[in-house]
Amino acid sequence: MTFTETPLPPGLRTVDEALHRSRFRRFRILPFLGPAFIACVAYIDPGNFATNIAGGSRFGYRLVWVIVAANLLAMLIQTLSAKLGIATQRNLPEVCRERLPRRLSFFLWLQAEAIAMATDLAEFLGAAIGIHLLTGIGLFPAAVIAGLAAFAILELLRFGARPLEAVIAVLVGVIGVCYVIELGFANPDYHQVLKHAVVPQFGGNEAVLLAVGILGATVMPHVIYLHSALTQDRIVAESDADEKTLLRYTRIDVLIAMTVAGLINIAMLVMAASTFFKSGRTHVDSLEGAHKTLEPLLGGASSALFALALIASGLSSSAIGTLAGQVVMQGFIRRRIPVALRRLVTMVPAFVVIGLGVDPSRTLVISQVVLSFGIPFALIPLVYFTARKDVMGGLVNRPVTTVAASLVAAAIVVLNVFLLAQTLGLGTVL
């Protein structure tokens, strides 16, 4: 079972075909690239814009290390998710349904749907805000345009996975190019960037909140479910040797895609730090405020690039969020609704937020904190299943991998408990 509405068209189906009998023979890695780039979109969605801008404007370069750490965790997590799909030809929700008690599986489905709603809210809002900032039209009509564009992207699934992967890769490239140019305008202190990339610091309760928000915006629970679906039958391994070969190329796919996503995230925070924090504007915590403030500081081109990157991020991540929701529903309860209907339903909360006049940027930041609480419910089952030989066969985790992944899961749980204590006023200032 896959997330697509129709079977993929004939093409590369086995490892042998991918390596030796295709037009990609001279560039063997190319047929294997794609799933991680789909997944990496979730790591540079509008929630990242909101949390990175808030973190950079308030604390300068101090939280760069959070992005570096979160990206390293993401590489491990996404590799495990992809490996589960390769080894079992099942996605994580399907494995949970088949191997966990029914009540537990049902609970995991409910929380996964709640997390998917928070994800869709952030991503769709981001696209609408970007269109509003770039064109000047009202937020509500901008949301309508964003919805139509998201539907158009999802229609690519009718032609198989490759066209969607190509469009997503282009949108990721647009975001990257925009931020390379932004950094040229901002002229950051790269010595300080490197220092804070490896020296952990916070700076108070609000810094902890933003750090966990950055973690929630970077390690996304819905994409943990999705990546296992993207690899479960995209290229079929016909032997143990094929599985290991496929996993090796998949790791390269993850490394490249997550590195790109990590660099873009760092660029977001560094741009905010070198522009807003440096000029004394330490409370630029909204996307609209960032766009408005960029123009007098760096010029109109900079603010336009910011809006364009936000649109690309919102549209691509919105489409991927819808696909992840399909995987969750199909896998946990064996139910499927049309992709278009699901997209329409998940738009409703965003329109409600816009209609009520709620601050959309603040909503984005809070949604990322909510997302961080969903990570353990996806990550713990992933670690549990990938450590079991009866599930994974020859691709079972090595002991050191299981230990590392378990420590990651434990650290995320502790961070979330600490965040709750800080939110309730029970914590202490770091």
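Derivation of every value follows stated rules applied to the coordinates shown; laboratory data play no part. Note that the structure is predicted; figures quoted are calculated from it, not measured. Heads up, the Cβs are rebuilt from the backbone with ideal geometry, glycines too, and the neighbour counts pull from every protein chain shown.
Going by how many other Cβ atoms sit within 10 Å of their own, how do K83, K389, K244, K278 line up, fewest first?
Final ranking by Cβ density, sparse to dense: K389, K244, K278, K83.
Subtracting the Cα-Cα distance from 0.36 nm times the residue separation, let me have the gained length for V348 to R102 in nm, one decimal.
Extending this stretch completely gives an extra 85.5 nm.
Springs between alpha-carbon pairs under 10 angstrom, Gaussian network model over the chain: which of A272, A166, A261 fluctuates most?
A166
If you find the alpha carbon centre of segment 32-55 and of segment 66-85, how far apart are they in angstrom?
13 Å
Expressed as a whole number of Å, what is the distance separating the alpha-carbon centroids of segment 175-211 and segment 322-348?
36 Å
Run the dipole for the chain about the Cα centre, Lys and Arg Cβ at +1, Asp and Glu Cβ at -1, nothing else charged, and hand back the magnitude in debye, nearest 20.
My answer is approximately 800 debye.
For the chain, modelled as a Gaussian network with Cα springs under 10 Å, which listed residue fluctuates most, A237, A257, A229?
A237
How many lysine pairs are close in the chain, with Cα atoms under 18 Å apart and the two 8 or more places apart or on different chains?
5
Give the order of T401, T363 when sorted by the count of other beta carbons within 10 angstrom, beginning with the fewest.
Lowest count first: T401, T363.
Restricting to DSSP H runs of at least four residues, report the calculated mean residue ellipticity at 222 nm for the chain, -39500 (n - 2.57) per run over all residues, nearest 500 deg cm²/dmol.
It comes out at -25500 deg cm²/dmol, rounded to the nearest 500.
When Lys and Arg each count +1 and Asp and Glu each count -1, what net charge do the other residues less than 14 Å away from S317, Cβ to Cβ, add up to?
-2
Search the structure for amide H atoms under 5 Å from the amide H of T14, placed 1.01 Å from N in the peptide plane, and list their residues when 5 or more places away or on another chain.
The list, which skips near neighbours in sequence, is V236.
Pick from S372, S318, S303 the residue whose mean-square fluctuation is largest in a GNM of the chain, springs joining Cα atoms under 10 Å.
The residue that fluctuates most here is S303.
Which order results if E238, E206 are arranged by neighbouring Cβ count within 10 Å, fewest first?
Lowest to highest Cβ neighbour count: E238, E206.
When a/c is below 1.5 the answer is rounded, else prolate if a/b is larger than b/c, else oblate, so apply that to segment 38-423 with a ≥ b ≥ c taken from the square roots of the Cα gyration tensor eigenvalues.
prolate
If you stretched the chain out fully between A152 and R281, how much longer would it get, using 0.36 nm times the residue separation minus the C-alpha to C-alpha distance?
42.6 nm
By per-residue mean of other Cβ atoms within 10 Å, what is the highest-first order of 105-118, 336-349, 37-50?
Sorting 105-118, 336-349, 37-50 by mean packing, highest first, produces 37-50, 105-118, 336-349.
Can you find, among F124, A149, W109, the residue sitting farthest towards the positive end of the charge dipole of segment 49-168, where Lys and Arg contribute +1 and Asp and Glu -1 at Cβ?
Comparing the listed Cα positions along the dipole, W109 ranks first.
Starting from the Cα of S239, step 7 Å along the direction of its Cβ; do the same at V413; then give the gap between the two resulting points in nm.
Using points 7 Å along Cα→Cβ, the separation is 4.1 nm.
Report the gain in length on full extension from R398 to A114: 0.36 nm times residue separation, minus Cα-Cα distance, nm rounded to one decimal.
Contour length minus Cα-Cα distance gives 99.0 nm.
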